[in-house]
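J.: Supplied in structure tokens, the structure appears directly below.
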Amino acid sequence: HRTSLPSPMFSRNDFSIWSILRKCIGMELSKITMPVIFNEPLSFLQRLTEYMEHTYLIHKASSLSSTTERMQCVAAFAVSAVASQWERTGKPFNPLLGETYELIRDDLGFRLLSEQVSHHPPISAFYAEGLNNDFVFHGSIYPKLKFWGKSVEAEPKGTMTLELLEHNEAYTWTNPTCCVHNIIVGKLWIEQYGNVEITNHKTGEKCVLSFKPCGLFGKELHKVEGYIQDKSKKKLCALYGKWTECLYSVDPATFEAYKKNDKKNAEEKKSSKQVGNTEESDEMPLPDSESVYVIPGSVLLWKITPRPPNSAQMYNFTSFAMALNELDKEMESVIPKTDCRLRPDIRAMENGEIDLASEEKKRLEEKQRTARKNRSKSEEDWKTRWFHQGPNPHTGTQDWLYSGNYWDRNYFNLPDIY
């Protein structure tokens, strides 16, 4: 797989997001057209695929015989799935209705398909499966974006479902909220916060993780902690770490003793410090020098893969992200014409042709609007191709389920979206 993009990113320094956003305080951002300079050269469907970077955690979960150990790996996978968001302040391109993306990674043992199944509201559905038939991972994401003056908050509505087929187990959870700070002044930075509750529908075990908001002095920045508990709420183990780095598990009693001690120390420190903070931007707090204190007796569940040395010039992409929009001749002959790799605006941006990217983005959005108008005149409804709506078999809530047959490579009547 390629290790860099064809062209480094443009400097955003000459552009002010504020000039566009000041008209939109409190509004839903999906309705606003943003200049292409604030994008990264990936579609949101490709960005979603980054959940799969640490698929080895799912394979590992499948191989374990204890339900608690399996839950630890699933929790590590859920945390690792948002790790690639760190420092990714570019916005992915909004997928067009009917856009698709596929990824086959033999080396990581999975293949994935996604489709943009709705435009208003924007909903992306995906379905991934293990190449050895050991798991299925699927869900749909409806990102709700809100602008709050200094920050943009993205709430990823939608349920993730992971099925470990050998154990006949299903786990479900929702992702934390992501927030991009300093939209107007200062350096953009990202935090994730909120509770993530993972349920094992077979055993009733739950893992409740809290993604901490950064708090004063940034002491909590990037922190994640929580417990795995059985169905009678007895704590089986504690988990802690940072979503940008690692996750550990430890015995609950040891964890609580450490927390108590830590709190006592913090209070002593606080009483000797005066607090004053009136600067203009929400400056990103600097994390503590030692990043995650490893409590004695802990077991490492997951550690992030370091980003490649050229990442900063490449939109802060991970090595995994770098290869997502790669297109070779052989692939071009098998993928459907709706695949994001064939999208001209993203391709132009990746090649460093920013004006062409901007023109193409406008053209595609206009084309989508026209198609929508024509459909409403003829009263025909849009039909999704690879997914259909139905109840999630484990939670009963409305979901988008894979309809099958994509990998037969028999593509006909596909919409002309590019």
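J.: Exactly one of these conditions fails for H138: (1) open to solvent by 30 Å² or more (accessible area, probe 1.4 Å); (2) out of contact with any Gly (no Cβ under 8 Å at 6 or more places or on another chain). Give me its number.
T.: Only one criterion is unmet by H138, namely (1).
So that you can scan it fast, the table gives a plain yes or no per residue for (1) of a type in the set (S, T, N, Q); (2) under 30 Å from S118 (Cβ atoms):
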position: T159; (1), (2): yes, yes
position: E166; (1), (2): no, no
position: C178; (1), (2): no, yes
position: Y193; (1), (2): no, yes
position: K234; (1), (2): no, no
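J.: I've got another one for you. What number of residues in region 226-235 are under 21 Å from F77 (Cα atoms) and either in a loop (DSSP other than H, G, I, E, B) or modelled with pLDDT under 95 (or both)? Write out each step before concluding.
T.: Step one: list which residues in region 226-235 are under 21 Å from F77 (Cα atoms), which gives 226-230, 235.
Next cut, either in a loop (DSSP other than H, G, I, E, B) or modelled with pLDDT under 95 (or both) only: 230.
Residues flagged as under 21 Å from F77 (Cα atoms) and either in a loop (DSSP other than H, G, I, E, B) or modelled with pLDDT under 95 (or both) within region 226-235 amount to 1.
J.: Give the residues of region 392-418 that are surrounded by 12 or more Cβ atoms within 10 Å (Cβ to Cβ) and out of contact with any strand residue (DSSP E or B) (no Cβ under 8 Å at 6 or more places or on another chain), sorted by residue number.
T.: Y411, L414, P415, I417, Y418
J.: Something else now. What tally of residues in region 124-134 results from selecting those that are in a strand (DSSP E or B) and surrounded by fewer than 22 Cβ atoms within 10 Å (Cβ to Cβ)? Full working, then the answer.
T.: Going through region 124-134, the residues in a strand (DSSP E or B) turn out to be 124-130.
Going one step further and asking which of them are surrounded by fewer than 22 Cβ atoms within 10 Å (Cβ to Cβ), we end up with 129-130.
Matching residues across region 124-134 total 2.
J.: Looking at region 90-123, which of its residues are in a strand (DSSP E or B) and either under 14 Å from P336 (Cβ atoms) or among the β-branched types (V, I, T) (or both)?
T.: Keep residues of region 90-123 that are in a strand (DSSP E or B), which gives 91-93, 100-105, 110-118, 123.
Scanning region 90-123 gives T100, Y101, E102, L103, I104, L113, S114, E115, Q116, V117, I123.
J.: Do you know which residues across region 186-213 are of a type in the set (A, V, I, L, M), open to solvent by 20 Å² or more (accessible area, probe 1.4 Å) and assigned to a strand (DSSP E or B)?
T.: If the condition is that a residue be of a type in the set (A, V, I, L, M), open to solvent by 20 Å² or more (accessible area, probe 1.4 Å) and assigned to a strand (DSSP E or B), then V208 is the only one that fits.
To keep it simple, each residue is scored yes or no on (1) at pLDDT 95 or above; (2) touching an Asp or Glu at 6+ places or on another chain (Cβ under 8 Å); (3) part of a loop (DSSP other than H, G, I, E, B).
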| residue | (1), (2), (3) |
| --- | --- |
| K150 | no, yes, yes |
| E153 | no, no, no |
| E163 | yes, yes, no |
| E166 | yes, yes, no |
| N175 | no, no, yes |
| C179 | no, yes, no |
| I184 | no, no, yes |
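J.: So, in region 328-353, of the ones that are in a loop (DSSP other than H, G, I, E, B) and of a type in the set (A, V, I, L, M), which residue ends up least open to solvent (accessible area, probe 1.4 Å)? Don't jump to the end; show me each part of the working.
T.: Residues of region 328-353 that are in a loop (DSSP other than H, G, I, E, B), as a first pass: 328, 333-338, 343, 351-353.
From what's left, of a type in the set (A, V, I, L, M): 334-335.
Numbers: V334: 66, I335: 14 Å².
It comes out as I335.
J.: Within region 91-106, can one find any residue that is within 17 Å of Y142 (Cβ to Cβ), buried (at least 20 other Cβ atoms within 10 Å of the Cβ), among the polar types (S, T, N, Q) and in the same structural domain as H222 (by the TED database)?
T.: The answer is yes, given that some residue of region 91-106 is within 17 Å of Y142 (Cβ to Cβ), buried (at least 20 other Cβ atoms within 10 Å of the Cβ), among the polar types (S, T, N, Q) and in the same structural domain as H222 (by the TED database).
J.: Further, regarding this structure: Please enumerate the residues belonging to region 313-345 that are of a type in the set (A, V, I, L, M, F, W, C) and over 19 Å from the mean Cα position of the chain (by Cα).
T.: L327, M331, V334, I335, L342
J.: Scan region 271-283 and give yes if some residue there is at pLDDT 65 or above and assigned to a helix (DSSP H, G or I), otherwise no.
T.: Yes, region 271-283 contains a residue that is at pLDDT 65 or above and assigned to a helix (DSSP H, G or I).
J.: Select from region 309-327 the residues that are surrounded by 15 or more Cβ atoms within 10 Å (Cβ to Cβ), part of a loop (DSSP other than H, G, I, E, B) and not aliphatic (A, V, I, L, M) and list them in ascending order.
T.: If the condition is that a residue be surrounded by 15 or more Cβ atoms within 10 Å (Cβ to Cβ), part of a loop (DSSP other than H, G, I, E, B) and not aliphatic (A, V, I, L, M), then Y315, N316, F317, T318, N325 are the ones that fit.
J.: Filter region 364-391 down to the residues that are touching a residue at least 12 places away in the same chain (Cβ under 8 Å) and basic (K, R), then identify the one that is most open to solvent (accessible area, probe 1.4 Å).
T.: The residue in question is R372.
The values are calculated or read from the model by the stated rules, or taken from the named source; none is laboratory data. Predicted, not measured: the structure shown is a model, and the values here were computed from it. Using ideal geometry, Cβ is built from the backbone for each residue, glycine included, and neighbour counts are taken over all protein chains shown. The protein model used for the area step is the full one, side chains on, heavy atoms only, and it has no ligands, DNA or RNA in it. Shrake-Rupley method; radii C 1.70, N 1.55, O 1.52, S 1.80 Å.
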